[in-house]
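The values are calculated or read from the model by the stated rules, or taken from the named source; none is laboratory data. All values reported here derive from a predicted model rather than from experimental measurement. All Cβ positions, glycine included, derive from the backbone under ideal geometry; neighbour counts span all protein chains shown. The protein model used for the area step is the full one, side chains on, heavy atoms only, and it has no ligands, DNA or RNA in it. Shrake-Rupley method; radii C 1.70, N 1.55, O 1.52, S 1.80 Å.
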Number of protein chains: 2
Amino acid sequence: LDWHGPFIAVDWGTTNRRAWRIGVDGTVEDSLSDGAGITAVRAGGFAAEAATLRDRLGDLPMLLGGMIGSDRGWRNVPYVSCPADACSLVQGIVWIDPRTGIVPGVSQRDPQAPEVMRGEEVQIIGSLAHRTIPSDAVVCCPGTHSKWVRIEAGRIVRFATWMTGELFALLSRHSILAPLMTGKTEAGADFAAGVTASAEGDALGQLFALRAAALLDLPPPEIASNAASYASGLLIGTEMRAALARFDGQAPWFIGRADLCALYAAANAQMLGGGDQRQRVIDGEAAFRAGITAIIGELR
Amino acid sequence: LDWHGPFIAVDWGTTNRRAWRIGVDGTVEDSLSDGAGITAVRAGGFAAEAATLRDRLGDLPMLLGGMIGSDRGWRNVPYVSCPADACSLVQGIVWIDPRTGIVPGVSQRDPQAPEVMRGEEVQIIGSLAHRTIPSDAVVCCPGTHSKWVRIEAGRIVRFATWMTGELFALLSRHSILAPLMTGKTEAGADFAAGVTASAEGDALGQLFALRAAALLDLPPPEIASNAASYASGLLIGTEMRAALARFDGQAPWFIGRADLCALYAAANAQMLGGGDQRQRVIDGEAAFRAGITAIIGELR
């Protein structure tokens, strides 16, 4: 099989799917993005979905990463253990057929700190390959389950997960705070107030104040005028304090969605006092494409 | 109106309702408990619901407490401010008619720490009246929104809320951990392990380990065999460490549901090393009835 020509890279997550046709010079020739995440596909429907991707983007070799390799995806692809790099990911690829492979996730089989990731490892390998992060670094991938990852000598050696994004979603959709959390989450004064409040280390005890303030109709500035931003700052600040403590206070690189990375970079700048952190933000989609490209480079 | 005869006490909450006919000697002569909480009653339907209670329990004077006095209840009863006692609650009663009153909740109008409660104040007044707690004490009322309350000279002077119960419910119903949290929550080894883990002050970062351990199929005892109990211990331990710090480490009295109080008492005993805390647990329903009885004593 010839991996020297163009190929299709697919980031197939739980609720969304993105796919790109990458040309021989590494440029994006075509792409699609839709809501056909793995939970939207019936069991047995993945081969047809992959065929549809080829109909759209070209009849080409295809490498997939993310939750598509989980027990609810196309094939349950075993995790490769830390330390992990492009080479070990390549060895763990499960081939559906000779030109369709699923990249494995990474596990940390420490009984005291068990961890798993699927998808972030591709972004990290890509950032290392493009040298947008150094080969010794701490990386934060914000998301539903935010990952903090220690990279040593270009390998993923240790990581930890915070459920920050999921908790924020639960609070804003299902909790008693939901009616208050309808505003746009952004890195302004309310977000900064939440980050400051996180220093008390008592997020569980600070969230209810949002509702009490609303019920008591206390005047601004005592009420956060944007409760969603305040809650986001409180939760992200809580995560970041714990993560910085666990990762030796080393300023992280942020890989992911621009809006989430902006919030994390703002919280980080506020806490570490390091000024503008935006130069430490890396686009997650570009990093994913670079990762698949690097893995295909190992196949050549 | 004669408040010297029997009366009906109603604890009307968000999802449940309990009512008792209390005789002249203070004994419970009849009672009912059902799911007709305020969210199950259409707007304008409360008078008919109260008439139904009288049909069942007798055509008697009636005093109601709890969320029935909230903006989603029968009448939005203004909170009385801290410090609050039986006398100030009586002054804040809103009378639907001369023999049907709703007891107010209590607020803390501190812009730095706004707080509200509805229902717990009745339990606390009752426990003070019955001398089951001393007139200077710290009280913890576990629940969806757990309250910690400082009592000085028989008055509620200060309190704080933790969203522990709601967060546990969100995680066990809607989160990625939900499929793991189906076991019965009890104060055994897994609960104790959660309480121990809470010392790290990083609940957001420790919860995901439950899922990772399950995915990696790590053998016991590294996995908590009952994830619900572990998560409960982690969250209650997190609350308790923050609350004890805020309330000067004073061992609390627990007023509420027997099952919840047992969990809190176990966490407290584990953390403060004070041995069996069960003698500090007070039945919430008995405390509520005592509170309504004490308030009616002020009306006589």
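Structure remark: mean-square fluctuation, Gaussian network model of chain B, C-alpha springs under 10 Å; the largest value among B:Ala265, B:Ala286, B:Ala48 belongs to B:Ala48. Take B:Met181: with every protein chain present and a 1.4 Å probe, its accessible area is about 10 Å². Which distances, shortest first and in nm, link B:Ala199 to the matching position in the other copies, using label points set 7 Å out along Cα to C-beta? Ordered by increasing distance: 2.7 nm. Of the complete DSSP H runs in chain A, those spanning 18 angstrom or more by Cα along the long axis with a mean Kyte-Doolittle score not below 0.5 are A:227-246, A:258-272, A:284-299.
Within a 10 angstrom radius of each residue's Cβ in A:80-89, how many Cβ atoms of other chains show up on average? Whole number is fine.
Neighbouring Cβ atoms belonging to other protein chains average 0 per residue here.
What residues from the range B:1-26 fall in the zone where the backbone N is under 16 Å from a label point 7 Å along the Cα-to-C-beta line of B:Arg300? Under 16 Å, as judged by backbone N against the label point of B:Arg300, lie B:1-9, B:22-26 of the range B:1-26. Label-to-label distances for B:Ser33 across copies, nearest first, come out at 5.2 nm, using points 7 Å from Cα in the beta-carbon direction. A cut-off under 13 angstrom between Cβ atoms defines the neighbours of B:Phe191, and their net charge, with Lys, Arg +1 and Asp, Glu -1, is -2. Rounded to the nearest 5, what % of the DSSP beta bridges within the protein assembly as shown are antiparallel ones? DSSP beta bridges in the protein assembly as shown are roughly 70 percent antiparallel.
Eigenvalues of the alpha-carbon gyration tensor of the range A:239-300, scaled by 5 and square-rooted, set the equivalent ellipsoid semi-axes at 27, 14, 9 angstrom, largest first. Each Cα pair of the range B:124-201 feeds into the Kirkwood radius, which the Stokes-Einstein equation turns, at 37 °C and 0.692 mPa s, into a diffusion coefficient of 220 µm²/s.
Averaging 1/r over every pair of different alpha carbons in chain B and inverting the result gives a Kirkwood radius of 20.2 Å.
If you count, for every residue in B:234-240, the Cβ atoms of partner chains within 10 Å of its Cβ, what is the mean?
Details: counts 0, 1, 0, 0, 5, 3, 0.
Counting other chains' Cβ atoms within 10 Å and averaging over B:234-240 gives 1.
Only Cα pairs under 8 Å and 6+ residues apart enter the sum, and on that basis the relative contact order of the range A:1-102 stands at 26 percent.
Within a straight-line Cα-Cα reach of under 13 Å, A:Lys184 can be paired with the following aspartates and glutamates, leaving aside sequence neighbours fewer than 8 residues apart in one chain: A:Asp259. For the range A:91-168, with equal point scatterers placed on the C-alpha atoms only and solvent neglected, what are the log10 I(q)/I(0) values from the Debye formula at q = 0.17, 0.22 1/Å, to two decimals? Taken in order of the listed q values, log10 I(q)/I(0) reads -0.73, -1.06. Given the range A:13-122, report the % of alpha carbon pairs whose separation exceeds 22 Å. Across the range A:13-122, Cα pairs with separations above 22 Å total 33 percent. Please list, short to long, the whole-number percent of alpha-carbon pairs of the range B:7-52 in consecutive 10 angstrom bins beginning at zero. Reading upward from the zero bin: 26, 51, 20, 3. Along its three principal directions, the equivalent ellipsoid of the range B:143-186 from the Cα gyration tensor extends over semi-axes of 32, 10, 5 Å, largest first.
Computed on protein heavy atoms with a 1.4 Å probe, the accessible areas place A:Thr14, A:Thr100 in the order A:Thr14, A:Thr100, largest first. A Gaussian network model of chain B, with springs between Cα atoms under 10 Å, assigns the largest mean-square fluctuation among B:Pro179, B:Pro83, B:Pro142 to B:Pro179. Build a GNM of chain A with springs between Cα atoms under 10 Å apart, and of A:Ile22, A:Ile176, A:Ile236 the one that fluctuates most is A:Ile176.
Of all beta-carbon atoms in chain A, the one sitting closest to the axis that brings chain A onto chain B gives A:Leu170, 2, with the distance in whole angstrom. Divide the volume of the convex hull around the Cα atoms of the protein assembly as shown by the residue count and you get 160 Å³ per residue. For the peptide B:153-166, the mean number of other protein chain Cβ atoms found within 10 angstrom of a residue's Cβ is 3.
Quick check: pseudo-label points 7 Å beyond the Cα along Cα→Cβ at A:Ala48 and B:Glu29, how many nm apart are they? Between A:Ala48 and B:Glu29, the simple spin-label model gives 6.9 nm. Computed over the alpha-carbon pairs of the range B:48-186, the distance histogram in 10 Å steps reads 11, 33, 30, 21, 5, 0 percent, short to long. The same position B:Cys87 in the other copies lies at 8.2 nm from this copy, comparing label points 7 Å beyond Cα toward the beta-carbon, shortest first.
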